[in-house]
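Below is one structure, written out as structure tokens; the observations come after it.
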Amino acid sequence: MKTLSRILPSTLFVSALMLISSAAGAEIAQPVALAVDELLIGGCGGVYFLAEPGELMVEIVKRDRNRRDTRTELRAILAGPDRRVLQEATIPDDGRPRGSGMGPAQRCRLSAHVKRKGVYVLNITLSQDRYGEHAVWGFRSNCPKYLIETARGHRDARHEEPIVLASPEHPGNVCFLPRRGAFDIEVSDLPKGAVAPQVFDAKGALVTALRLDEGGQAAHAFAASKQREATPWRLHFASAQATVNMDGVTRWEESDLQPNLACWTPDLASWFPLLENRWLLTPYSRTIFGRPGERKEIALQVRNDATRERTIQLALEFPGSDWPARLSAERVKLGGKKATTITVTCAAPPTGETRVCHIRATPLDDSGFTTFSTLTVKSSEAPATKPLTMPLVLKPYQHENEQFGHLPDFPTENQVYFDVQNQPFIRTSGGVATVRDGKRIALPAGNNSSAVCSKVAFDRDNNLYVLATVGGAATLLCSSDGGQTFAACAIPGRAGTFDMEEFTGHNLPAGPPPILRYTRTAKDPKVFWRALHDLELFLPKKEGGRLVMGEPILVSKKCIGLAAHSGIPASVVSRGSKVHVVWGEATDPKAPGPGVPAFVATHDRETGRLGKPALIGYGAPPNDIHNSPSIAMDSRGFLHALAGTHGRPFPYAQSLKPNDAGGGWTDAAPMVENLNQTYIGMVCGPDDTLHATFRLWQTGVDPFPASHYATLAYQRKRPGQPWEPPRILIVPPFSEYSVFYHRLTIDRKGRLFLSYDYWSTFWFYRNDHFGRRRTLLMSPDGGDTWQLAQSNNLQ
């Protein structure tokens, strides 16, 4: 790598550059004013480098816009093809006051010795600025092949990633891969007196000039063309100040080559075929533990993201001397957008040794693209099999497998439930799955069905129940033989969101589980999270050996809805003839009250009467669908409820009479004052201890003192005692918004199982990982200790 590539050809002055080392070994740039002459861009995201062997150098520059009084630090992470973090650096806030204008340029430099060609990654995030609106950044590198991915934090709206150019003193380009279908380009925020941007094809021929209106906006609609070659075009600006929106590049349809990937480059010569090789070989790394000589088989996925058939060459490479390892295939032929699984078979090394090999994947074409994954095999017991020192601190690109060797040999698609005999069952896309004698067993739940919710329920006779869509209708499926066969009972009437009773510690229906249907009847156009739902209760039963659903019972016409992607709160529990339902309601936006009111009502199967709703408390803020409450029952039948909140303490209350929501409740009180809690998960242990998990925000403390971050936390309440202080279980690898999609369940022995799937707000990090990250923690002792679950923990 002898040439110097920049985000724009320019002259760069670095004589004033000062770098010091932090305690962690990262480089931190000092706020020194520099003369700069390069392209700066807005937003977050990063860069992909197709790097050849040699020294790889990347220099990053940041300038603060100083539009507000917040601390904006840039975090830069350089990682290899196997996503091993090679170096990390921070560029601090420039310390200037709000309104002082664009701050001075600050820089940091990252470097690595490239031993093997592959795709290296530069990850860029900004503290307290997940959309990249309050700083601009740029880079230069000696790697001639690179692509930028503009990728901010998520928004609760259609995903779009406008490309922001912020160097009006220079000309600039946005080189992109055009659709073959019709697409539009719109450009805004051009400087005064700007000339119309021009579009050139890969050969340099002018395609068109955008139409520039009097307001300084430019646009053009391109017709579809099947003859359009899959080669990049160039959008040229005489002055590189603009915001660019483009179909297929910054906003997408499912038919686009790579939806949600805003990849581009300012230099046509730097383009390389990343999009059709985006997840060519995954996972990027695997760490395996085993007894000396133990046979191991590791699965990887080879994926062809091109639209044409291709052949992928595979090979093993050893950083030192060769050792016995074998690929299941040396070549695979894949159709467009197809994938297949290959395996690497090896044996664990002698005691105390570690062996490493790289699995290289190379398309057999003239693209020059190649990359690799890394397999590390150790002869010892995996740390994942032992109790963990909590909290578990996730690191960038180093999660449960990389740190602890965790590699579940059971399904992790959803949370785990246990039948009356304490056998595990997990809802999957194809039905349900279980683990018997350490082996995974898939059980299709009905023909041509899809899951309606991820819960699995059981009755006193150990019949298994799931909710599915069958023939377009929501349906309750029942199996009396452990999931081998299913009987179906359609839920009549309207579509909606469905929930059903699951085991939370002391509830076990005599028959089919009660079912709830949430049907949205109105959406408030002014209050984003406010909606009205009809909440209905179904009480299915068995008559003459068949399921009968019965008519719905209207519980509320003002239900706020159900937020179940995280926490997956229990909305209904039952004992004997009594069925207890908890829900939150929308309120008048003109007088919303202190929060979402949480109600509990009891329906008596014997009398057929629904009792008067009991108000148990308010979950702040009002009119927010995040604030779904949760209910549990203890061994004596007393009801325990938490009102849902969105970044506020959960209010807790207990019924004064067992198995009766209408007999009064204790005054609602927060679990602990001043907690930023969201997404309840709650169960009750054999000793009547309440266990809760939730997202908990932290601000201004390590490991992200410059910002805020979300953790996954646990809290319990022993009988007759107040709630204990929360304990953090998971710390995220990035600051800003996170969610864990956590689901807390309990088995018949009282062991806790916490399924979670870390999700960062930053699209760049999420895009880079193919598939989901969901895994499973368990506590065998009521929350005292936690470990990553193994298949033998599910028995």
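The values are calculated or read from the model by the stated rules, or taken from the named source; none is laboratory data. Since the model is a prediction, treat every value here as computed from it, not as a measurement. Neighbour counts are summed over all protein chains in view; Cβ atoms, including those assigned to glycine, are modelled from backbone coordinates with ideal geometry. Remember, those area values only see protein heavy atoms, side chains included, never the ligands or the DNA or RNA. Shrake-Rupley method; radii C 1.70, N 1.55, O 1.52, S 1.80 Å.
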Here the range 622-630 yields Karplus 3J(HN,Hα) values (6.51, -1.76, 1.60; θ = phi - 60°; whole Hz; Gly and Pro given as x) of x, 6, 10, 5, 4, 8, 6, x, 9
How large is ³J(HN,Hα) for each residue in the range 166-183, as worked out from phi by the Karplus curve 6.51 cos²θ - 1.76 cosθ + 1.60 (θ = phi - 60°), to whole Hz, x for Gly and Pro? 9, 10, x, 7, 10, x, x, 9, 10, 9, 8, 9, x, 5, 7, x, 5, 8
Please compute the modelled spin-label separation between ALA510 and ALA339, points set 7 Å along Cα→Cβ, answer in nm with one decimal. 4.8
Over the range 365-468, with a single point scatterer placed on each C-alpha, what log10 of the ratio I(q)/I(0) does the Debye formula yield at q = 0.10, 0.16, 0.17, 0.23 1/Å? -0.47, -0.89, -0.94, -1.18
Counting Lys and Arg as +1 and Asp and Glu as -1, what is the net charge of the other residues whose Cβ lies under 11 Å from the Cβ of GLY335? +4
Would you rank SER738, SER480, SER635 by solvent-accessible area, highest first, keeping every protein chain in place and using a 1.4 Å probe? SER480, SER635, SER738
Based on alpha-carbon positions alone, could you give the equivalent ellipsoid semi-axes of the range 522-656 from the gyration tensor, as √(5λ), descending, whole Å? 27, 18, 13
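What pairs from LYS557/LYS578; LYS117/LYS386; LYS590/LYS717; LYS612/LYS657 go past 26 Å between their alpha carbons?
In this structure, LYS117/LYS386; LYS590/LYS717 exceed 26 Å between Cα atoms.
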Which peptide among 747-760, 489-502 comes first, and what is the full order, when sorted by highest mean count of other Cβ atoms within 10 Å? 747-760, 489-502
Which listed residue (GLY608, PRO232, PRO81) has the Cα farthest towards the positive end of the charge dipole for the chain, taking +1 on Lys and Arg C-beta and -1 on Asp and Glu C-beta about the Cα centre? GLY608
Treat each spin label as a single point 7 Å out from the Cα along the C-beta direction, and report the LEU656 to ALA209 distance in nm. 8.1
With the full set of protein chains in place, find how many percent of the accessible area of the chain is carbon and sulfur; take the probe as 1.4 Å. 50
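Mind running the shape call on the range 667-795? Use the C-alpha gyration tensor, a ≥ b ≥ c as the square roots of the eigenvalues: rounded below 1.5 for a/c, prolate if a/b tops b/c, oblate otherwise.
It comes out oblate by the Cα gyration axes.
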What figure, in Å² to the nearest 10, do you get for the accessible area of PHE599 with a 1.4 Å probe and non-protein molecules left out? 40
Solvent exposure ordering (accessible area, 1.4 Å, most first) of ASP768, ASP524: ASP524, ASP768
Suppose every Lys and Arg Cβ carries +1 and every Asp and Glu Cβ carries -1, with no other charges. What dipole size does the chain come out with about its Cα centre, to the nearest 20 debye? 680
Step through the residues of the range 270-276 one at a time and calculate ³J(HN,Hα) from phi using the Karplus curve (6.51 cos²θ - 1.76 cosθ + 1.60, θ = phi - 60°), rounding each to whole Hz and writing x for Gly and Pro. 7, 5, 9, x, 6, 4, 7
Accessible solvent surface per residue of the range 149-202, calculated while the other protein chains remain in place, 1.4 angstrom probe, Å²: 41
So how strong a dipole does the range 229-328 carry about its Cα centre when Lys and Arg Cβ are +1 and Asp and Glu Cβ are -1, to the nearest 20 debye? 440
In percent, how large is the relative contact order of the range 268-307, given Cα pairs closer than 8 Å and 6 or more residues apart? 59
Square roots of five times the C-alpha gyration tensor eigenvalues of the range 583-687, ordered largest first and given in whole Å, equal 23, 18, 11
Taking amide hydrogens as modeled 1.01 Å from N in the peptide plane, which residues meet the under 5 Å criterion relative to VAL393, leaving out close sequence neighbours? VAL731
For the range 358-465, what is the accessible area per residue in Å², given a 1.4 Å probe and the full set of protein chains? 40
Net charge near LEU532, counting Lys/Arg +1 and Asp/Glu -1 over other residues with Cβ under 12 Å of its Cβ? +1
With a probe of 1.4 Å, find how much accessible area the range 569-674 has per residue, and write the answer as a whole number in Å². 38
Compute the length gained on full extension between THR389 and ARG98: take 0.36 nm times their separation in residues and subtract their Cα-Cα distance, giving the result in nm to one decimal. 100.6 nm
Mean separation of Cα contacts under 8 Å (at least 6 apart) over the residue count of the chain, i.e. the relative contact order in percent, is 9
Rounded to two decimals, what is the ratio between the C-alpha radius of gyration of the range 516-561 and 2.2 N^0.38 Å? 1.55
With the dipole of the range 260-394 worked out from charges on the C-beta (+1 for Lys and Arg, -1 for Asp and Glu) around the Cα centre, which of THR287, CYS357, SER321 lies farthest toward the positive end? THR287
Give, to the nearest whole percent, the P(r) tail of the chain beyond 46 angstrom, counting all Cα pairs. 30
